[in-house]
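Let me begin by presenting the structure, written as structure tokens, before commenting on it.
Read-outs: derived from the displayed coordinates by stated rules, not from any lab. Treat the numbers as computed from the prediction; the structure is a model and nothing was measured. Methodologically, a virtual Cβ is constructed for each residue, glycine included, from the backbone with ideal geometry; neighbour enumeration extends over all protein chains shown.
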Amino acid sequence: MLALRRSIALRSIARRGLSSSSVKRSDALFVHRDTKYNNPSIPFEFSKENLTKAEEIIAHYPPQYRKAAVIPLLDLGQRQNKGWTSISVMNYVAKLLGMPPMRVYEVATFYTMFNREPIGDNFVQVCTTTPCMLRGSTEILDTVCSHLGDIKPGETTKDGKFTVIEVECQGACSNAPMMVVNDDFYEDLTAASTKKVLDAFAQGQKPKPGPQSGRHTSENSAGLTALTSKPYGPGEFCTPEFQ
Amino acid sequence: MAGSAGMLRAVSRGTNTGRLGKSVCSSSSRKAGRRQLSSTAPRQADITLTVDGKEVTVPQGSALIQACEAAGANIPRFCYHDRLAIAGNCRMCLVEVERSPKPVASCAMPAMPGSKVWTNTPLVHEAREGVMEFLLANHPLDCPICDQGGECDLQDQSMRYGSDRTRFHEITGKRAVENKDLGPLVKTSMNRCIQCTRCVRFANEVAGVEELGTTGRGNDLQIGMYVEKTMDSEMSGNIVDLCPVGALTSKPYAFHARPWELKNTESVDVMDAVGSNIRVDSRGVQVMRIQPRTNDDVNEEWISDKTRYAYDGLKFQRLTTPLLKQGDRFVPASWEEALQAVADGLAASGAKGDEIQAVAGHLADTETLVAMKDFVNRLGSDNLALDQAGGTAPPVHGVDVRSNYLFNSTIPGVEEADVILLVGTNPRHEAAVLNSRIRKSWLHTGLEVGLIGERADTAYGYDYLGDGAKALADFVAGKGAFAEKFKAAKKPMIIVGSALAEQADGAAAFNALAKFVEKNKETLVTDEWNGFSVLQRIASRPAAYEVGFVPSKKASTTKPKFVYLLNADEVDPKSIPRDAFVVYQGHHGDLGASLADVVLPAAAYTEKSTTWINTEGRSQLGRAAVPPPGASREDWKIIRAISEATGSPLPYDDVLALRDRMWELSPSLVRYDARERTSSPIALAGLRALEARTRGAAVSGRAFVRPIANFYMTDPISRASVTMAQCTRAFVKGEEYGFSGSREQPEAAFA
Ligand code: SF4
Ligand code: FES
Ligand code: FES
């Protein structure tokens with residue numbers, strides 16, 4: 001889960017050309033611009049319950065290294081703030097930890113898992129790194145995009161229910177292709193099971209996470225090929241005095 | 001991986017990075033750092049290694065790059081800077097080390113005893129060429145329109161390691177980064193940035209601007225503030241020098257000159273009393289820019305923005321010809337007429353003895369002060385006033401013992417102190433370069449700072465003790481936690497602002513301090529250490545005290561009939577009697593000139609070779625870079641000419657004879673670049689005399705006010721400067737720039 005995700009860059013699958021660098025028309029992602037929904041005058045504060053959690057997190061570190069808690073606190077803030085880290089969240093965390101706000105901005109912009117723009121209710125991250133790609137992630141991404149009403153990666157559906165992005169390897173390659181919805185992995189996807197998962201989320205349910213193919217985990221889908229015989233129990237094949 | 005993780009590492013490297021010998025030995029005696037994650041390991045011994053077959057010995061803990069340098073091998077670099085923390089992110093400094101499978105970044109690698117290093121092998125060349133190719137991949141090819149051209153590290157090093165053709169064929173083109181608005185001083189062209197993070201490290205470690213950092217990562221890493229903000233620091237110009245490429249250039253100097261067209265003149269700055277060493281770059285008769293010169297004893301490698309950018313004030317509002325007042329207009333005159341007018345005016349005013357007053361302003365040089373004093377004395381007067389509040393009376397601290405008004409601990413000595421008390425001063429505005437030393441020490445050692453006086457944002461944290469004489473009395477009585485810390489300190493230091501002597505409670509404050517120093521002389525004034533330091537803020541003031549340019553008691557009560565304003569532009573017009581004959585000598589048509597009957601045009605500091613004494617009592621020679629404009633003349637020559645016209649000629653005809661006269665007054669005035677210590681018994685005697693003189697001084701309880709409200713405008717040159725006016729608008733008044741984020745600044749800054 002802690003794998004780093006590619007920024008919500010404007011990459012479209014269709015336009016993938018020969019060059020390896022992504023097209024950037026604007027670098028607005030790494031500077032903050034005041035907007036109506038994201039500016040420092042919007043108040044943010046931890047809820048009571050999150051504040052207790054935050055205090056507990058801070059207590060994990062020696063007092064002179066309070067600022068080490070910046071990543072977990074930003075995550076906590078992001079969760080409380082509907083899944084995205086606004087400038088107010090960053091400023092609040094900076095104040096809470098007594099560090100210059102810029103140090104928090106550095107962290108928040110370094111890690112792509114901090115969304116610095118609002119996202120939909122469900123955050124869909126489709127892995128398109130090599131193993132997933134070989135197992136058909138392009139089709140999965142296309143399915144997700146078209147099923148959600150022809151949106152592009154990096155966009156949110158009109159009803160605000162879904163945001164889709166492309167991400168790098170999530171560490172679930174053995175169950176490729178896969179996608180992450182909110183905090184859960186949905187693996188062994190096909191176009192059909194992808195739609196099913198998305199439909200369930202659209203209705204406000206939460207489908208069972210994990211492989212959607214009937215596998216339990218990452219066991220061989222063709223059944224066992226080794227260690228098929230009965231394992232011998234304790235004492236078997238020993239001289240009688242040890243039996 | 002660059003970016004924030006890199007920055008964390010950079011900060012934690014701490015003091016290991018200062019200049020070779022100096023930082024290593026000065027940090028050895030310190031307690032563990034508190035504000036940084038780690039502190040320097042104490043110096044152990046010297047180690048020996050072989051570089052290119054040559055044996056070198058360096059202190060343990062030095063970086064490999066320093067060892068290579070000591071062996072005379074030149075290592076190309078971008079991110080490494082010996083006064084900043086190590087980042088190790090440009091990879092240009094690769095060298096080959098025996099038994100290491102890959103080339104090693106020599107700046108981030110400690111020198112190891114017995115290791116064998118090669119800096120000039122095919123492997124090294126290939127590695128550096130590779131790095132260079134990567135750096136150039138995203139660097140625009142715009143040298144012809146780049147201001148850094150001719151002094152660009154990337155340009156120079158690509159001559160050596162660059163390829164003559166490109167393999168970069170990305171259809172999407174090079175990385176494009178938006179320029180940032182850092183204010184009226186620093187121009188940015190962020191496409192050119194190679195992400196060395198020198199500017200970020202400087203801003204965070206030295207200048208105390210913790211808003212500058214890196215956002216994003218990898219190919220998208222960019223330098224900036226994330227939110228829209230200007231770089232509000234009086235040291236910001238230094239990042240222009242630090243930037244190895246043309247990403248950060250000087251806005252006022254933009255597209256004005258190329259470095260090879262400039263004549264360099266080594267000189268001394270006069271915007272404050274630190275005496276920063278500068279290099280004046282001129283073309284023809286114009287000063288094009290001012291750059292710092294390295295002097296570890298004074299300004300290290302930095303200068304303040306006022307020092308660097310006020311030079312455009314030298315072009316505006318200059319006095320270029322003598323002027324005579326006729327009715328309420330000034331009419332131009334020849335020098336002959338003007339000198340005659342002064343002589344006639346002196347005679348007509350009927351001024352006798354102490355009724356002849358000379359007022360020395362901020363920018364009067366030492367030679368001229370001596371000539372002025374000799375001239376006035378010759379006319380039988382002792383009325384030598386200074387251009388400051390209460391300047392017509394003898395100064396509280398007296399001028400008999402140097403240590404009463406000088407910065408005795410020396411400027412590098414600030415870094416040895418473990419507790420500093422600031423009294424009635426904000427060093428950030430009165431001596432910006434010195435302030436960054438305090439910050440350095442505060443960041444890397446356990447230095448504690450206390451402040452009595454007006455609250456100020458000093459770029460480091462401090463204990464606030466109060467605003468006036470009452471707080472000082474409490475401190476002297478040993479009340480409060482800070483007084484306790486001060487007692488326990490091994491090398492305590494008191495920095496007394498020069499404005500304290502001008503305050504209502506100045507005498508009482510000096511009295512209390514003198515008593516306190518006497519009582520704690522075991523720690524404050526010893527044979528090696530003198531922690532009682534007065535921080536002068538005006539370039540000419542230490543010299544004025546040194547030559548005794550102060551009024552006698554009797555003279556200070558006399559009403560003057562003839563007033564000679566020598567560069568005096570801060571005078572209160574009401575203090576000059578209506579019927580007095582006023583002569584102004586100076587280089588700018590500022591306040592002083594408007595009050596005068598005769599105006600004599602003189603040379604500014606870049607136009608004359610004169611002596612300047614800094615706040616430590618260090619005498620330094622400024623040098624003329626350009627000729628004075630129009631009919632203006634060197635200052636001391638004007639006074640010499642007047643003395644002739646008034647019939648009491650001064651006995652020196654050239655500057656050498658004048659310097660002989662200075663030698664007679666005090667040999668230290670002409671012992672250039674040296675600084676003489678006052679021995680501790682004399683320093684203590686001086687303080688006892690001071691205590692006796694100020695005994696029983698009344699206490700009004702009024703707060704100490706800071707003398708400098710606007711850092712960017714403190715003298716006629718900076719007041720005439722357009723750049724300084726822009727700085728005032730941007731930083732002092734906060735106009736023009738949309739600030740995002742809360743403007744409240746933390747009093748204590750965190751690393
Ligand atoms: S702006 Fe200049 S000094 Fe700052 S990181 Fe870029 S290249 Fe280095
Ligand atoms: S490649 Fe998709 S999870 Fe690893
Ligand atoms: S100078 Fe060594 S890595 Fe940059």
(request) Given the options A:Tyr61, A:Tyr92, A:Tyr232, state which has the largest fluctuation in a GNM of chain A using a 10 Å cut-off (strictly under) for Cα springs. (result) A:Tyr232
(request) May I ask you to evaluate 6.51 cos²θ - 1.76 cosθ + 1.60, the Karplus curve with θ = phi - 60°, for each residue of the range B:338-347 and list the ³J(HN,Hα) values in order in whole Hz, giving x for glycine and proline? (result) 5, 5, 5, 4, 5, 4, 5, x, 4, 5
(message) Would you calculate the convex hull of the Cα atoms in chain B and tell me its volume per residue in Å³?
(response) 166 Å³
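Given Cα pairs under 8 Å that are at least 6 residues apart, what percent is the relative contact order of the range A:122-211?
After rounding, I find 34 percent.
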(request) Scan the range B:417-475 for trypsin sites (Lys or Arg not before Pro) in coil per DSSP, keeping those whose Cβ has at most 14 other Cβ atoms within 10 Å, and list them by number. (result) B:Arg455
(message) I'd like to know which of A:Ser41, A:Pro211, A:Gly154 lies farthest towards the positive end of the charge dipole of chain A, counting +1 on Cβ of Lys and Arg and -1 on Cβ of Asp and Glu.
(response) A:Ser41
(request) Per DSSP H run of at least 4 residues, take -39500 (n - 2.57); add these up for the protein assembly as shown, divide by its residues and hand me the 222 nm value, nearest 500 deg cm²/dmol. (result) -8000 deg cm²/dmol
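About the Cα centre of chain B, what is the dipole size in debye to 20, counting +1 per Lys and Arg Cβ and -1 per Asp and Glu Cβ, all else neutral?
Approximately 1280 debye in magnitude.
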(request) With an 8 Å cut-off on Cα pairs and a minimum separation of 6 or more residues, tell me the relative contact order of chain B in percent. (result) 15 percent
(request) Enumerate by residue number the chymotrypsin sites (Phe, Trp or Tyr not before Pro) in the range A:30-62 meeting two conditions: DSSP loop (anything except H, G, I, E, B), and at most 13 other Cβ atoms within 10 Å of the site's Cβ. (result) A:Tyr37
(request) Rank A:Ser193, A:Ile140, A:Ser174 by how far each Cα sits towards the positive end of the charge dipole of the range A:122-211 (+1 on Lys, Arg Cβ; -1 on Asp, Glu Cβ) and give me just the farthest. (result) A:Ser193
(request) Show which lysines lie in cross-link reach of A:Lys206 when reach means a straight Cα distance below 30 angstrom and same-chain residues fewer than eight apart are skipped. (result) A:Lys48, A:Lys53, A:Lys82, A:Lys152, A:Lys158, A:Lys161, A:Lys195, A:Lys196
(request) Report the antiparallel proportion of the DSSP beta bridges in the protein assembly as shown as a percent, rounded to a multiple of 5. (result) 50 percent
(request) Could you state the angle between the C-alpha long axis of helix B:4-13 and the longest principal axis of the C-alpha atoms of chain B, as a value from 0 to 90 degrees rounded to the nearest 10? (result) 60 degrees
(request) Would you work out which of B:Ala602, B:Val97, B:Val342 lies farthest towards the positive end of the dipole of the protein assembly as shown? Charges go on Cβ: Lys and Arg +1, Asp and Glu -1. (result) B:Val97
(request) Taking only Cα atoms and a 10 Å spring cutoff, compute GNM fluctuations for chain A and point out the largest among A:Ser41, A:Ser193, A:Ser88. (result) A:Ser41
(request) Take every Cα pair under 8 Å in the range B:101-234 that's 6+ residues apart, average their separations, divide by the length, and report that relative contact order as a whole percent. (result) 18 percent
(request) Tell me the label-point distance for the pair A:Ser146, A:Glu241, using the 7 Å Cα-to-Cβ offset, in nm and rounded to one decimal. (result) 7.5 nm
(request) Work out the length of the dipole vector of the protein assembly as shown about its Cα centre, built from +1 on the beta-carbon of each Lys and Arg and -1 on the beta-carbon of each Asp and Glu, and round it to the nearest 20 debye. (result) 1160 debye
(message) Let me make sure I get this right: for the range B:138-261, a, b and c are the square roots of the gyration tensor eigenvalues over alpha carbons, sorted descending. Under 1.5 in a/c it's rounded, otherwise prolate if a/b > b/c, else oblate. Which is it?
(response) oblate
(request) Note down the magnitude of the dipole of the range A:48-110 about its Cα centre, charges +1 on Lys and Arg C-beta and -1 on Asp and Glu C-beta and zero elsewhere, to the nearest 20 debye. (result) 100 debye
(message) Please report, in whole Å³, the volume per residue of the convex hull around the C-alpha atoms of the protein assembly as shown.
(response) 238 Å³
(request) Identify which of A:Ile119, A:Ile42, A:Ile140 has the largest mean-square fluctuation in a Gaussian network model of chain A, with springs joining Cα atoms closer than 10 Å. (result) A:Ile42
(message) Between 0 and 90 degrees, rounded to the nearest ten: what's the tilt of helix B:506-519 against the longest Cα principal axis of chain B?
(response) 60 degrees
(message) Report, in listed order, any pair from B:Lys440/B:Lys485; B:Lys470/B:Lys515; B:Lys352/B:Lys559 with a Cα-Cα distance greater than 18 Å.
(response) B:Lys440/B:Lys485
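What number comes out for the charge environment of B:Ala641, summing +1 per Lys or Arg and -1 per Asp or Glu over other residues with Cβ under 12 Å away?
Numbers: positive: B:Arg633, B:Lys637, B:Arg640; negative: B:Glu336, B:Glu634, B:Asp635, B:Glu644, B:Asp653.
Summing Lys and Arg as +1 and Asp and Glu as -1 gives -2.
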(request) Please give the residues of the range B:191-218, grouped as numeric ranges, whose backbone N is less than 13 Å from a label point set 7 Å along the Cα-to-Cβ vector of B:Ala137. (result) B:218
(message) Taking loop as defined by DSSP and a crowding limit of 13 other beta carbons within 10 Å, which chymotrypsin sites (Phe, Trp or Tyr not before Pro) in the range B:87-182 fit?
(response) B:Phe168
(request) Obtain the nm distance between the two label points defined at B:Arg167 and A:Asn39 by a simple spin-label model: each point lies 7 Å from its Cα along the Cα-to-C-beta direction. (result) 5.0 nm
(request) Report the far tail of the P(r) of the range B:46-120, meaning the percent of Cα-Cα pairs longer than 22 Å. (result) 12 percent
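For B:Lys519 and B:Lys553, what does the FRET efficiency come to when R0 = 22 Å and r is the distance between their Cβ atoms, rounded to the nearest 0.05?
On the way: r = 29 Å, r/R0 = 1.32.
Efficiency at R0 = 22 Å is approximately 0.15.
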(request) Determine which lysines satisfy two conditions relative to B:Lys54: a Cα distance under 25 Å, and not lying fewer than 8 residues away in the same chain. (result) B:Lys22, B:Lys102, B:Lys116
(request) List the residues whose amide H sits under 5 Å from the amide H of B:Val227, counting only those 5 or more places along or on another chain, with H placed 1.01 Å from N in the peptide plane. (result) A:His32
